[in-house]
Structures are given as C-alpha cells and as structure tokens.
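None of the figures in this text is laboratory data; all of them are computed from the coordinates on show. Predicted model, so just to flag it, every value in this text is computed and none were measured. Backbone-built Cβ (ideal geometry, glycine too); neighbour counts: all protein chains shown.
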Amino acid sequence: MSNSSKISQKQESKKGYRQNAALILERKDRKILICERLDCEDAWQFPQGGVDEGENPIDALYREVKEEIGLHRKYYKVIDYREGYRYKFDQRHSKSKYYLGQEQTYFRCRFNGKNKNIDLSTKKPEFSNFSWILPEKFNLKWVPDFKRRVYIEVFLDFYDLDIT
C-alpha cells in the first residue's frame, strides 16, 4: 500500500458523520413539501441542513428552514421526529473532504401557514421551486443514489410507504 493510500485511509478514519436536521412539512390534506434544487434540475428533496456546533437538532431545524425556504417557525409545528438516518457522501460531494456523510434527524411538521409564507429567494438560495405532493407520489429518482436508502427508510417510518 502506498503512503498516500495510508494517509487517505487514516484521514477517512478520523472523519465522522455531520449531524443534520431535515424537514417533512405536511399540510392537513396529507401533501408534503418538496423543493427543487437550484443547482440540479429535476432534483427534489426535503429542506435540510447541518447542525452547527453548540446547536441541538431542533434549533438547527428552525434555523435551516428559515435560511433555506424563508419559513418562520410560527408557521409549522413538530408532530413527530426520528433520528439516526445515515448516509455516506458521494466522493464528488463538496463536504466529503471533511465528513464521511450525514446523520440526520427528520422532523415531521404540520404546516399552518400559506404558500406565500414560503420564500425561496433567501440570502443563499438553494431551491428554484417547491411543490406539494402526496407522499406516495414521491419519485426516488429525484434524489442522488447515495441518499436513496435514507429516503426509503424515512417514507417507510413516517408513512408506512414503500417508495422503491
């Protein structure tokens, strides 16, 4: 084994999983919010983001949702959450230099606002569009391969739904 391989393996063993909070925003009609990534057409996902040092997952959820979709916490309420969803980053992912992947806490929240309360034109826009769909209409092809297992688990856990 070359020295560079040893260094690479040693660096990888020091890397951990980045803590992350993800939002499943649900309306009374059971439809859930999905957002289309600005950097990748036809790539839809739930709003989510990293837990900063000194933050807990719920605080990260409130901050990330405000940063990503401009939605104030007064427009949604946590009704369920589950933790421990984990995926490894694809090597091309910009954060793969620092982390093996992400360990996510998913928060299912009831939306009590209106579409006008969602604002994608944030300081650092991540999404170009949003849509409300029934959970069974979610298409696994919308997310990158390395995230698909987590989405399968999330839909099974929260909706008893097999999206494969």
If each of K116 and W132 carries a label point 7 Å out from its Cα toward its Cβ, how far apart are those two points in nm?
-> 1.5
Enter the angle in degrees (range 0 to 90, nearest 10) between the Cα long axis of helix 145-159 and the first principal axis of the Cα atoms of the chain, meaning the one along which they spread out most.
-> 40
Nearest-ten-degree value, helix 3-14 long axis tilted from longest Cα axis of the chain | 40
Neighbouring Cβ atoms within 10 Å as the yardstick, rank T164, T122 fewest first.
-> T164, T122
Acute angle (nearest 10 degrees) that the helix 57-69 long axis makes with the longest principal axis of the chain, alpha-carbon atoms | 70
Using amide H atoms built 1.01 Å from N in the peptide plane, name the residues 5+ places from R86, or on other chains, whose amide H lies under 5 Å from its own.
-> Q104
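Using the beta-carbon distance between N139 and H72 and R0 = 45 Å, what value does 1/(1 + (r/R0)^6) give for FRET efficiency, to the nearest 0.05?
Efficiency, from the Cβ-Cβ distance: 0.95.
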XL table K15/K123; K66/K114; K77/K114; Cα-Cα > 18 Å flagged, in table order, is K15/K123
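With r defined as the distance between the Cβ atoms of I58 and Q91 and R0 fixed at 22 Å, what FRET efficiency is calculated, to the nearest 0.05? Could you put the intermediate results ahead of the total?
Values: r = 31 Å, r/R0 = 1.42.
For I58 and Q91, the calculated efficiency is 0.10.
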Residue-wise HN-Hα coupling along the range 102-118, computed from phi with Karplus coefficients 6.51, -1.76, 1.60 (Hz; x: Gly, Pro) = 10, 10, 10, 10, 9, 10, 8, 10, 8, 7, 10, x, 10, 3, 5, 7, 9
Peptide ranges 77-89, 26-38 listed from the most packed, as the mean C-beta count within 10 angstrom indicates | 26-38, 77-89
Hey, with R₀ at 30 Å, roughly what FRET efficiency would K123 and Y98 work out to, going by the Cβ-Cβ distance, to 0.05?
-> 0.85
Considering only DSSP beta bridges where both residues belong to the range 17-159, give the percentage that are antiparallel (nearest 5).
-> 70
Y76's amide H: which non-local residues (gap 5+, or another chain) put their own amide H closer than 5 Å, with H modeled 1.01 Å from N in plane and none for Pro or chain starts?
-> N112
Around I163, which amide H atoms from residues at least 5 apart in sequence, or from another chain, sit under 5 Å from its own amide H, with H modelled in the peptide plane?
-> none
